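Structure first, commentary second.
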Amino acid sequence: AEVDPADYDLRRLHAAVEHDIEALTAIWHRVKDIGPEDDAKLVRLKDLLAGPLKGKKVLIFSYYKDTERYLYRELAGETARATAFLEAAGHPTVQWMDSGCHPQDRGRRIAAFAPTANGKPEIAGTDAEIDIMVSTDVLSEGQNLQDCAHLINYDLHWNPTRMVQRAGRIDRIGTPFDVLYIHNMFPD
């Protein structure tokens, strides 16, 4: 359908768009210099992983691929911040999983994260075993990850069923753990 410009008050529409541009520009100037070192939620995650969860196998879920990749870079990337984190956390092996992971790599990473549950006990305790997996909900259904007792919801899914499915990846028949821990991270 064609739109007739005569049906609109173009001056008022233009003024509203200009107002939005000014408001968004002001917001941009307030946040553009904020870096990972200022990210209180990331700092808290690192504190958990290097403190109470040090040496534990941990599954971290994020709803967004961009957030999941950001977390991976900050935990295991080529930065001084990541290097310092890895040192403080005892040099865990960190890996990521999202829709960009090739299906064959996905299977290998799942087996390396939960080798016992996935019939690869020879990986358990070796350098090939993954200690911390940062993932989107691509891992939330149909995977056996019960080698892990700690799940962190870095961001909360809007659908409570998804939250239950996330927990269901580690809460499975055959888990060796009497207690499973679900950590939910809330923004300030």
**Asked** How many of the residues in the stretch 44-89 are under 18 Å from residue 150 (Cα atoms), out of contact with any strand residue (DSSP E or B) (no Cβ under 6 Å at 6 or more places or on another chain) and open to solvent by 40 Å² or more (accessible area, probe 1.4 Å)?
**Response** 6
**Message:** If I go through the stretch 110-132 residue by residue, how many of them are closer than 22 Å to residue 67 by Cα and open to solvent by less than 40 Å² (accessible area, probe 1.4 Å)?
**Reply:** 4
**Prompt:** Looking at the stretch 44-55, is at least one residue assigned to a helix (DSSP H, G or I) and over 30 Å from residue 110 (Cβ atoms)?
**Reply:** no
**Request:** Please go through the stretch 139-180 and pick out each residue that is within 22 Å of residue 74 (Cβ to Cβ), at pLDDT 90 or above and not acidic (Asp, Glu).
**Result:** 148, 150, 151, 152, 153, 154, 166
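The values are calculated or read from the model by the stated rules, or taken from the named source; none is laboratory data. What you see is a predicted model, and the numbers here were worked out from it, not measured in a lab. When we count neighbours, we look across all protein chains shown, and the Cβ atoms used for this are built from the backbone with ideal geometry, even at glycine. The protein model used for the area step is the full one, side chains on, heavy atoms only, and it has no ligands, DNA or RNA in it. Shrake-Rupley method; radii C 1.70, N 1.55, O 1.52, S 1.80 Å.
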